[in-house]
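A quick write-up on the structure given underneath.
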There are 2 protein chains.
Amino acid sequence: MKLASLKGGRDGRLVVVSDDLAWCAEAGHIAPTLQAALDDWEHAEPLLANLATDLQHEVIPMMRFHERNATSPLPRAYQWADGSAYVNHVALVRQARGAEMPESFWTDPLMYQGGSDGFLAPRDPIPLADEAWGCDLEAEVVVVTGDVPQGATRAEALAAIRLVGLANDVSLRNLIPAELAKGFGFVQSKPASTFSPVFVTPDSLGDRWADGKLHGPLMVDLNGTPFGRADAGIDMTFDFGTLIAHLAKTRAIVAGSIIGSGTVSNRGTDGGPGKPIAAGGVGYSCIAEVRTVETIESGAATTPFLKHGDTVRIWMEDERHHPIFGTIEQVVEAA
Amino acid sequence: MKLASLKGGRDGRLVVVSDDLAWCAEAGHIAPTLQAALDDWEHAEPLLANLATDLQHEVIPMMRFHERNATSPLPRAYQWADGSAYVNHVALVRQARGAEMPESFWTDPLMYQGGSDGFLAPRDPIPLADEAWGCDLEAEVVVVTGDVPQGATRAEALAAIRLVGLANDVSLRNLIPAELAKGFGFVQSKPASTFSPVFVTPDSLGDRWADGKLHGPLMVDLNGTPFGRADAGIDMTFDFGTLIAHLAKTRAIVAGSIIGSGTVSNRGTDGGPGKPIAAGGVGYSCIAEVRTVETIESGAATTPFLKHGDTVRIWMEDERHHPIFGTIEQVVEAA
């Protein structure tokens with residue numbers, strides 16, 4: 001089952017979307033918003049699944065689904081907690097600035113509490129007031145949870161995953177060092193994030209959802225040029241069950257919480273830093289990583305951060321090369 | 001105007017509460033929940049204010065207001081961002097562990113993004129799985145905002161403050177050092193926070209609300225003994241306008257966001273660390289601070305962190321010694 005929210009009001013209007021993303025059907029009679037459905041999932045899920053079946057059989061009123069009319073599946077959420085599950089990415093960034101990465105990072109997940117009061121729609125521009133802030137994309141996988149009790153195990157956490165999607169976790173790289181030095185995490189350096197137009201139930205993902213991970217290349221284009229094709233199922237040190245259980249260690253997690261994987265990142269075939277796509281590699285899911293590789297290899301970063309007018313596209317394809325979650329497509333604009 | 005949420009459903013039932021907290025009236029015909037009222041404040045606020053006047057005049061159906069029947073005014077919120085505006089507190093804690101505090105901490109607010117998906121009711125026990133985590137209370141002032149645009153000034157931020165209340169920002173002190181060392185802020189070390197039973201509009205606070213600060217002693221009792229009487233209007237380096245503008249620098253803030261002051265803390269009359277109440281001082285708003293003072297003065301902390309069975313009370317009184325926001329009263333229990 002695929003779900004989206006059409007623009008309208010603060011929380012959008014819940015619709016069920018066809019597998020090929022061409023059609024959708026209003027689901028407001030079941031739950032007015034995606035959060036309302038998640039709040040009452042045991043009741044809403046079978047009704048939404050029936051609606052999805054009816055839509056697939058074209059036996060109910062349906063309308064064309066245009067991704068540009070979609071707002072974020074959850075335009076605001078009660079929680080957005082983002083992990084750094086691709087430890088390869090963290091190790092590289094540290095290596096570039098000559099900082100040693102603690103060995104514990106391979107066993108103890110890194111995670112931050114993100115702002116969740118407002119997300120950008122998947123085709124919204126990224127409002128950037130100052131290019132000097134060093135704006136970066138971060139292509140990630142996210143899941144949406146049901147209620148998770150305090151102290152949940154990895155297995156309990158995995159069972160509470162309701163939906164899977166993609167994210168552009170926009171970062172302001174040049175504001176990060178000063179904030180991290182304060183120790184209190186990201187506040188100004190993580191502006192509003194963006195999610196894919198469509199979120200999908202794990203059971204609809206087939207083999208792509210396995211071991212608490214989403215498998216397959218995460219496609220990232222920058223200004224129309226292939227930039228990243230890293231496989232989200234490879235080099236993910238901590239699966240989503242482990243990430244959710246980490247968050248639930250000292251408190252319960254409430255339905256509708258969005259948990260992120262952190263920037264997807266694959267090692268090179270030689271075990272070292274990955275290569276750009278133009279050099280035969282799978283590329284990168286953020287600019288910071290290519291700048292890191294450039295720094296390691298040539299002493300200086302040459303790829304600039306995002307400027308006004310730059311375009312970012314993030315999606316994942318099924319076997320027929322159709323986007324599974326729709327496409328995040330954003331232009332950076334002056335705020 | 002005073003607002004509260006009675007227990008029921010995930011978001012409670014909005015009620016208007018009388019100034020003396022003795023009576024309340026259902027406000028569901030105006031807005032079913034406090035978040036719904038905040039989403040549409042321009043419309044809801046005058047209607048709620050009329051209801052409050054009618055309640056004061058006893059011309060509408062009313063019922064006794066029992067704080068034990070109140071859930072958190074916002075049982076879950078789209079944002080909880082907590083500052084450390086009482087820099088004196090931060091300086092003391094650093095001093096105790098021999099760490100220098102950067103001079104910038106006096107001009108650049110420290111703030112963290114907290115979990116907001118679930119708050120404890122004001123009389124809920126604090127569920128603590130392991131006493132070794134070092135559970136601490138933190139008595140704070142909070143405000144709830146309307147919508148704040150990206151790049152808002154301090155004056156714009158102040159104008160967007162809708163409600164004022166108190167908080168117990170529960171902290172797990174022994175989990176903090178390892179999390180802060182990772183740089184990504186608090187995740188496991190900040191379990192669910194608790195807010196006062198009642199939130200109050202700034203205009204109803206009279207002289208107590210001035211210069212973007214709440215003035216008057218913040219009362220904290222620990223196991224029935226006076227522990228803290230620090231004045232929330234003194235030594236607050238950053239007012240709420242400055243804190244909100246800090247958060248809004250790179251992104252818009254959505255209505256219903258809760259912004260915290262951080263632990264209230266007053267210097268001693270000699271400019272040094274404050275004294276315990278038993279020694280003639282105003283005491284402390286968290287255990288970490290008294291432990292810090294003990295460490296500075298005698299080389300070792302003697303006051304223990306919270307244990308199962310300990311009771312915390314937090315409130316603030318009006319001129320007639322009646323609680324303004326109701327009382328947070330929590331027992332620490334095994335989880």
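The values are calculated or read from the model by the stated rules, or taken from the named source; none is laboratory data. Just so it is clear, the model here is predicted, and its values are computed rather than measured. Ideal geometry is used to build each Cβ from the backbone, glycine not excepted, and the neighbour counts take in all protein chains shown. Accessible surface areas use protein heavy atoms only, side chains included; no ligands, DNA or RNA. Shrake-Rupley method; radii C 1.70, N 1.55, O 1.52, S 1.80 Å.
A few remarks follow.
- Prolate/oblate/rounded label for the protein assembly as shown (Cα gyration tensor, a/c 1.5): oblate
- C-alpha center-to-center spacing [region B:212-238, region A:209-258] in angstrom: 43 Å
- With every protein chain in place and a 1.4 angstrom probe, the accessible-area ranking of B:E42, B:E26, largest first, reads B:E42, B:E26.
- B:N223 versus B:A99: modelled label distance in nm, points set 7 Å from Cα along the beta carbon direction: 2.9 nm
- Solvent-accessible surface ranking, highest first, for B:K2, B:K307 at 1.4 angstrom: B:K307, B:K2
- Hz values of 3J(HN,Hα) by residue in region B:244-255 - Karplus curve (6.51, -1.76, 1.60), Gly and Pro given as x: 5, 5, 4, 5, 8, 4, 10, 7, 5, 10, 9, 3
- Area of B:I328 that stays accessible when all protein chains are in place (1.4 Å probe, Å², to 10): 0 Å²
- Where B:R123, B:R76, A:R94 fall by accessible area, highest first, once all protein chains stay in place (1.4 Å): B:R123, A:R94, B:R76
- Accessible surface of chain A, 1.4 Å probe, proportion on carbon and sulfur as whole %: 52 percent
- Label point of A:H321 (7 Å along Cα→beta-carbon): distances to the other copies' equivalent points are 8.0 nm, sorted ascending.
- Nearest-ten-degree value, helix A:41-56 long axis tilted from longest Cα axis of chain A: 80 degrees
- Residues of region B:176-192 buried by at least 30 Å² on assembly (accessible area, 1.4 Å probe, chain alone as reference): B:L180, B:K182, B:G183, B:F184, B:F186, B:V187, B:Q188, B:P191
- Note on chain A: with a GNM built from Cα contacts shorter than 10 Å, the maximum mean-square fluctuation among A:G299, A:G216, A:G146 falls on A:G299.
- Between the amide H of A:F227 and those of A:V220, A:D221, A:L222, distances stay under 5 Å, these residues lying 5 or more places away or on another chain, with hydrogens modeled in the peptide plane.
- Contour minus Cα-Cα distance for A:S18 and A:E58 (0.36 nm per residue): 13.4 nm
- Gyration tensor (Cα) of chain A, equivalent ellipsoid semi-axes in angstrom: 31, 22, 19
- Using a probe of 1.4 angstrom and keeping all protein chains present, the accessible surface of chain A works out to 36 square angstrom per residue.
- Inter-copy label distances at A:G309, using a point 7 Å along Cα-to-Cβ, come to 7.1 nm with the shortest given first.
- For region A:238-257, residues shielded by at least 30 square angstrom of accessible area compared with the chain on its own, probe 1.4 Å: A:H246, A:K249, A:T250, A:R251, A:V254
- Once the Cα atoms are used to define both axes, helix A:87-96 deviates from the longest principal axis of chain A by about 30 degrees.
- Rough spin-label spacing in nm, given labels placed 7 Å along Cα→Cβ, for B:A278 and A:A129: 4.9 nm
- Dividing the mean sequence gap of close Cα pairs (under 8 Å, 6+ apart) by how many residues chain B holds gives a relative contact order of 22 percent.
- Distances between placed amide hydrogens fall under 5 Å for A:A129 paired with A:A335, all partners being 5 or more residues away or on another chain.
- Taken about its Cα centre, region A:74-334 carries a charge dipole of roughly 300 debye when the Cβ of each Lys and Arg holds +1 and the Cβ of each Asp and Glu holds -1.
- Interface burial in region B:115-133 reaches 40 Å² or more for B:D117, B:W133, comparing the full protein assembly with the chain by itself; accessible area from heavy atoms with a 1.4 Å probe.
- 25 Å Cα-Cα reach of B:K307 towards lysines, excluding residues that sit fewer than 8 places from it in its own chain: A:K249, B:K190, B:K275
- Rotation relating A and B, chain B residue nearest the axis via C-beta, angstrom: B:G185, 1
- Buried area at the A-B interface (accessible, heavy atoms, 1.4 Å probe, summed, Å²): 4500 Å²
- Per residue of chain A, the DSSP helices (runs of n ≥ 4 H) give a summed -39500 (n - 2.57) that works out to -5500 deg cm²/dmol at 222 nm.
- Nearest-10 value in Å² for the accessible area of B:W23, using the 1.4 Å probe: 80 Å²
- Cβ-vector label at 7 Å, A:P177, separations to other copies in nm: 2.8
- Between A:K249 and A:G151, the built amide H atoms are under 5 Å apart, and every one of these is 5 or more places off in sequence or on another chain.
- Cα-based helix-to-principal-axis angle, B:287-298 vs chain B, degrees rounded to 10: 20 degrees
- Inter-probe distance in nm under a simple model that places probes 7 Å from Cα toward Cβ, at B:N50 and A:D207: 6.5 nm
- Accessible area per residue was computed with a 1.4 Å probe on protein heavy atoms; B:E58 scores about 120 Å².
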